[in-house]
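The values are calculated or read from the model by the stated rules, or taken from the named source; none is laboratory data. Everything quoted here is computed from the prediction, not taken from an experiment. Methodologically, a virtual Cβ is constructed for each residue, glycine included, from the backbone with ideal geometry; neighbour enumeration extends over all protein chains shown. Just so you know, the surface numbers come from the protein's heavy atoms only, side chains and all, with ligands and any DNA or RNA stripped out. Shrake-Rupley method; radii C 1.70, N 1.55, O 1.52, S 1.80 Å.
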Amino acid sequence: MEIRKNLAGESLTVEIIGRLDATTAPQLEKDLSGALGGVKNLTLDFKALEYIASAGLRVLLVFQKRMKKQGKMTIKNVSEEVKEVLEMTGFINFLHIEE
């Protein structure tokens, strides 16, 4: 997995490339935890995310809760495969997904 971050003022866009699974989720959690100070708008760009597993969903939940306190989190460019996982798990009901 590769993580690309772009900070512009209080907005952080994070592009996740590859797979978000038990092996890579801790890396994303560690990387983002240190980058969210002062961020009010977090955008996760999934255009190059190929796969998400339960460990990746847990990280999304952690950051959704954190961003709810300090601003908002948006997910964009979700592939049909990843969207299907979000729908099956019910995550689609509380994540803000931009079509």
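Want the number for N77 to T23: 0.36 nm per residue separation, take away the alpha-carbon distance, what's left?
17.2 nm
Within the chain, how many lysine pairs that are 8 or more places apart, or on different chains, have C-alpha atoms less than 12 Å apart? Show your work: numbers first, answer last.
On the way: K40/K68; K40/K69; K40/K72; K47/K76; K47/K83.
Taking the chain as the scope, the lysine pair count is 5.
How much net charge surrounds G9 when only other residues with a Cβ under 15 Å from its Cβ are counted (Lys, Arg +1; Asp, Glu -1)? Show your work: numbers first, answer last.
On the way: positive: K5, K40, K72; negative: E10.
Here the charged neighbours net out to +2.
Want the number for K30 to A48: 0.36 nm per residue separation, take away the alpha-carbon distance, what's left?
Values: separation 18, 0.36 × 18 = 6.48 nm, distance 2.00 nm.
Taking K30 through A48 to full extension adds about 4.5 nm, to one decimal.
How far, in degrees from 0 to 90, does helix 80-89 lean away from the longest principal axis of the Cα atoms of the chain, to the nearest 10?
Once rounded, the angle reads 90 degrees.
Run the paramagnetic zone check for E10: 7 angstrom along Cα to Cβ, then residues of the stretch 66-99 with backbone nitrogen under 17 Å.
Zone members listed by number: 66-74.
In what sequence, largest accessible area first, do E87, E29 appear using a 1.4 Å probe?
Details: E87 105, E29 45 Å².
Order by accessible area, largest first: E87, E29.
Nearest 500 deg cm²/dmol is fine: what mean residue ellipticity at 222 nm does the chain get from its DSSP H runs of n ≥ 4 alone, each adding -39,500 (n - 2.57), divided by its residue count?
On the way: 3 runs with 36 residues, N = 99.
Using -39500 (n - 2.57) per qualifying helix, the result is -11500 deg cm²/dmol.
Around M73, what is the net charge, scoring Lys/Arg as +1 and Asp/Glu as -1 over all other residues with Cβ under 10 Å from its Cβ? Mind showing how you got there, number by number?
On the way: positive: K65, R66, K68, K72; negative: none.
Cβ neighbours under 10 Å give a net charge of +4.
Strictly greater than 24 Å: what percent of every Cα pair in the stretch 2-99 meets that? List each step's numbers first, then the result.
Numbers: 520 of 4753 pairs.
Looking at the stretch 2-99, the distances longer than 24 Å represent 11 percent of pairs.
Ignoring the sites themselves, what is the longest stretch of the chain with no trypsin sites (Lys or Arg not before Pro) in a DSSP loop and at most 13 other beta-carbon atoms within 10 Å? The partial results should precede the final answer.
Numbers: sites that count: K40, K47.
Here the longest run is 48-99.
Taking the Cα atoms only, what angle lies between the long axis of helix 54-70 and the longest principal axis of the chain, rounded to 10 degrees?
30 degrees
In square angstrom, rounded to the nearest 10, how much accessible surface does L61 have for a 1.4 Å probe?
60 Å²
Roughly what % antiparallel, to the nearest 5, for the DSSP beta bridges in the chain? Please report the intermediate quantities before stating the final value.
Values: 7 of 23 bridges.
Counting DSSP beta bridges with both partners in the chain, the antiparallel share is about 30 percent.
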